[in-house]
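The values are calculated or read from the model by the stated rules, or taken from the named source; none is laboratory data. Keep in mind that this is a model prediction, so the values were computed, not measured. Cβ placement follows ideal geometry from the backbone for every residue including glycine, while neighbour counts extend to all protein chains displayed. Just the protein is used for accessible areas: all its heavy atoms, side chains included, with ligands, DNA and RNA removed. Shrake-Rupley method; radii C 1.70, N 1.55, O 1.52, S 1.80 Å.
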Amino acid sequence: MLFKISGGTVYDPANGVDGEVRDVWIEGDRIVAAPSDPGVRPTRTLDAAGLVVMPGGIDMHCHIAGPKVNMARKMRPEEKRRDPPVHRTANTHSGTMGSVPSTFATGYKYAALGYTTAFDAAVPPLSARHAHEEFEDTPCLDKGFYVLMGNNHYVMRSIAQKDPERLRSFVAWLLSSAKAYAPKLVNPGGVEVWKTRQAGNVSSLDDHVPSFDVTPRQIIQGVAQAADELKLPHAVHIHANMLGMPGNWTTTLETMRSLEGRRGHLTHIQFHSYGGGDGDENTFNSKVQGLAEYVNEHPNVTVDVGQVLFGKTTSMTGDGPLGYYLSNVYKSKWFSGDVEMESGCGIAPIEYRNKSLVHALQWAIGLEWYLMVQDPWRVVMSTDHPNGGSFMAYPQIIRLLMDRTNRQDALKAVNPLVRERSQLADLDREYSLGEICIITRAAPARILGLANKGHLGPGADADITIYTPDDNKEMMFELPRYVIKAGQVMVEQGDIREPVYGKTLHVAPEYDAGIEPDIADWFEKYYSVQFRNYPVGVEYMRAAEEIGCE
Ligand SMILES: [Zn+2]
């Protein structure tokens, strides 16, 4: 069964193809080389003449499954009443929208935008089973999640005991047990302080977490080191300390420096790039330039942006003290949850207003990041869905990056002080289609260590998005002509033809099994769950693919 996509204008930056008219051949669920025998005829041909062909989109940081996402759905019934539902069809389930769509609707909406892979960025390992069960109901995507480790008691104890081998084995055991993809740090150490005293948090990399006598710096370095030694496909994924706080850029810079050459991915970097506060009379302002310069000079560091879009949304975070802070700012309803031994969680409805100086600066700071990191392979598009805005806003961001006039018009509509406190007005750069292809699929695939994604070479997963070109890039990207998933035509002009069920991507790094009795003892003493009931079995994944560590 050979499927040929013929004569499209192909963008495949990983293979050096930048808008060339070519054919793409598919056999089963994989891309293959064109047959050497010209007499070979495809079983099926899709005429892509005049259309733009790219690998399927990859969202490397979003919140689409797990307990806090589900809690946020329950917390926002007003949105579900307001927004039109997704109706059932012969091929698809019904669903609800709002800033936190229901599971099936999440899969359909990503697919209709040309996205074929997405990673949830913050699952407590204790809730991994729940996240896998929601993935079971999230069609059309290959998916995976990162597990929270930055406030895990066993992690902090191993660091306090200066036992990097034990830490490394535990990180590997935890990833394997949860069937997770990467280690995630959220406000390392800070959430533990929040759980131990009223309004507690840390405010620098060298603050002490009293209950374990460790510092955020030690946690970042320890887990980054373990991730490198385990040769995990993706580096440690870091939500740095002090998210959203004026003056937090110094903490962010220190976080990057603390890696000391180890790999690290700093996520939703927009929220961590602020000047102002007590030490800065300029008050709230953009500090992207210095941070972007650091990223430009240090190839061990990658970032995704966490772009803010104006409007109402829901903040949801493993950063417990941040949820409390936001609910105070917005005087909104608030959910806080502690996960024993492991992590925390905060949820609050929020609204970004274009006339608010802070919000307008956040919007501008996100765009500055895309425009000031020189190498598009190290800056990835994200809204930290739904925290900065919905993933449904990606086409709007693409237009802002590709169309300078559109960007300048948008800048005129926001709080005028933004022009003084950021450099956005002076940035003329416009992204090309090839560069958009990098920051939305090729780069996230490479940063995640997914050798079979983000490109169209032989052996790649046959996940392909085909667009109708349009001068208005928002219109071009919001309604792909075709989306092909695992070799099947999944979407045609926005309609789900075949809700192809995706795979769960996970890692299973090797570790010294000699650590297990100690972990079992730890569970016996402190957890509410039995050690033997904790690991998630393969039966929780309908289709799984283990990504190797090498
Ligand atoms: Zn996030």
> Structure shown: which of Lys74/Lys184; Lys68/Lys195; Lys80/Lys355; Lys74/Lys333; Lys312/Lys503; Lys312/Lys333 lie over 20 Å apart, alpha-carbon to alpha-carbon?
Replying inline: Lys74/Lys184; Lys80/Lys355; Lys312/Lys503
> For region 417-550, what is the charge dipole size about the Cα centre, in debye to the nearest 20, if Lys and Arg each add +1 at the Cβ and Asp and Glu each add -1 at the Cβ?
Replying inline: 240
> Ordering Thr196, Thr440 from largest to smallest accessible area (1.4 angstrom probe), what's the sequence?
Replying inline: Thr196, Thr440
>> Quick check of the Kirkwood formula: for region 206-309, what is the inverse mean of 1/r over all pairs of different Cα atoms, in Å?
In response: 14.3
> Heavy-atom accessible area of Ser211 with all protein chains present, probe 1.4 Å, nearest 10 Å²?
Replying inline: 60
>> Whole-Hz ³J(HN,Hα) for each residue in region 42-49, computed from phi via Karplus 6.51 cos²θ - 1.76 cosθ + 1.60 with θ = phi - 60°, x for glycine and proline: what do you get?
In response: x, 5, 9, 10, 10, 7, 10, 4
> With all protein chains present, how much of the accessible area of region 412-550 (probe radius 1.4 Å) comes from carbon and sulfur, to the nearest whole percent?
Replying inline: 45
> Taking N as the number of residues in region 72-195, what value does Rg over Cα atoms divided by 2.2 N^0.38 Å take?
Replying inline: 1.30
>> Antiparallel versus total DSSP beta bridges in the chain: what percent is that, nearest 5?
In response: 55
> Taking Cα pairs under 8 Å and at least six residues apart, what relative contact order does the chain come out at, in percent?
Replying inline: 20
>> With every protein chain left in place and a probe of 1.4 Å, what is the accessible surface of Asp206, to the nearest 10 Å²?
In response: 80
>> Using +1 at the C-beta of Lys and Arg and -1 at the C-beta of Asp and Glu, which of Gln270, Met476, Met541 has the Cα lying farthest in the positive direction of the dipole of the chain?
In response: Met476
> What percentages, rounded to whole numbers, describe P(r) for region 11-82 computed over all alpha carbon pairs with 10 Å bin width beginning at zero?
Replying inline: 13, 30, 20, 15, 18, 4
>> Sort Ser258, Ser176 by heavy-atom solvent-accessible area, probe 1.4 angstrom, most to least.
In response: Ser176, Ser258
> Round to a whole number: what % of the accessible area of region 92-205 belongs to carbon and sulfur, probe 1.4 Å?
Replying inline: 46
> How large is the dipole of region 1-69 about the Cα centre if only Lys and Arg carry +1 and Asp and Glu carry -1, each at its Cβ, rounded to the nearest 20 debye?
Replying inline: 220
> Quick one: Kirkwood hydrodynamic radius for the chain, alpha-carbon pairs, angstrom, one decimal?
Replying inline: 23.6
> To the nearest 0.05, what FRET efficiency results for Gln423 and Glu524 with a Förster distance of 45 Å applied to their C-beta separation?
Replying inline: 0.20
>> I'd like the accessible area for Ile438, computed on protein heavy atoms only with a 1.4 Å probe and all protein chains in place. Round to 10 Å², please.
In response: 20
> Can you tell which of Ala199, Tyr330, Val214 lies farthest toward the positive end of the dipole of the chain, using +1 and -1 charges on the Cβ of basic and acidic side chains (Lys, Arg; Asp, Glu)?
Replying inline: Tyr330
>> Leaving out ligands and nucleic acids, and using a 1.4 Å probe, what accessible area per residue does the chain come to in Å²?
In response: 37
